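Have a look at the structure below, then the notes.
The values are calculated or read from the model by the stated rules, or taken from the named source; none is laboratory data. As the structure is a computational prediction, the values presented were derived from the model and not from experiment. Cβ placement follows ideal geometry from the backbone for every residue including glycine, while neighbour counts extend to all protein chains displayed. Only protein heavy atoms, including side chains, enter the accessible area calculation; ligands, DNA and RNA are left aside. Shrake-Rupley method; radii C 1.70, N 1.55, O 1.52, S 1.80 Å.
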Amino acid sequence: MAGLTSYLSSKAEAVLLDWEQRARADVVVVAVDRIGPEVLNALRRIAGEIGAPVVLVLDEVGEKDVLAAVECRVVAILPRSAATGERVLRSVLAAASGGGVMPPSLVAELLKHVERLQRELVSPNAGVPKLTPREADVLRLMADGLDTAEIASRLCYSERTIKNVFYGLTTRLNLRNRPHAVAYALRKGMI
C-alpha cells in the first residue's frame, strides 16, 4: 500500500488526505485481503460517515460479496494482482466522476441481479401470496365498508369464522389491521 500511496501522491489529479480529514474526501480507497463481516461493517461505517464512493482493492474477489459491497457505496473493485498505480488512479477518477470499475465477472453478477429486480418489477404479482376464495370475499366486503356482523350475514358464516379468516390472513401476510389489509390487497391486485 505504501507504493500505491506514493504513486497517488505524485499525481496532480489526486490529493491524499489524512484519516482525520476523511469527511472532505471525494473518494475513499480501501485495501483488504477479502470481504468479510468486519470489512462490511467498516465499509458501512465509511458510507455512513463520509458518504463518498469507495474503491476497493482486495486479494480475493467473490461474486456473492459484490452486492453487499455495492450497498456500501463501493463503485470500483480491483483485484490486488491487477491493482497497478495507474489502474487505481483511473478507478479513483472514475469514482469521483460518478462512474465505476469492476472485473467483467462481477459486472455480470450485478447485471443478473438487476435483471432479477426488473423481472420482479415488471411482474410484481409473481411473488404475491394467493388468497383463498373466502379470504378474498371477506376482504372485498371489508373494502365495501361492512363490519364483521354484516360480512358474516352476507357470506352465511358465523362472526367467529369471519374473525378467524381475518386473523389468519393478517397473520400470514403480516398486516396490522383492517385498513392495512384492504389497502394491501388493493395495491397487490388481490381484490
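Checking the structure you have, find out if any residue of region 67-79 is farther than 24 Å from H113 by Cα and modelled with pLDDT under 90. Looking through region 67-79, none of the residues is farther than 24 Å from H113 by Cα and modelled with pLDDT under 90.
If you go through region 164-191 and keep only what is surrounded by 15 or more Cβ atoms within 10 Å (Cβ to Cβ) and part of a helix (DSSP H, G or I), you end up with V165, F166, L169, T170, L173, R178, A181, V182, Y184, A185. Condition check for R116 on (1) within 18 Å of the chain's Cα centre (by Cα); (2) of a type outside the set (G, A, S); (3) open to solvent by 60 Å² or more (accessible area, probe 1.4 Å); (4) closer than 16 Å to V27 by Cα: one failure, at (4). When L111 is tested against (1) within 30 Å of V29 (Cα to Cα); (2) at pLDDT 90 or above; (3) open to solvent by 40 Å² or more (accessible area, probe 1.4 Å), exactly one condition is not met: (2).
Can you pull out every residue in region 17-40 that is of a type in the set (V, I, T) and not in a helix (DSSP H, G or I)? First the steps, then the outcome.
Step one: filter region 17-40 for residues of a type in the set (V, I, T), giving 27-30, 32, 35, 39.
Within region 17-40, V27, V28, V29, V30, V32, I35 meet the criteria.
Of the residues making up region 11-23, those that are surrounded by 10 or more Cβ atoms within 10 Å (Cβ to Cβ) and free of Cβ contacts under 8 Å to residues at least 60 places away in the same chain are V15, L16, L17, Q21, R22, A23.
With modelled with pLDDT of 90 or more and not in a loop (DSSP other than H, G, I, E, B) as the only criterion, which of L4, L43, L8 stands out?
Of the residues listed, the single one that is modelled with pLDDT of 90 or more and not in a loop (DSSP other than H, G, I, E, B) is L43.
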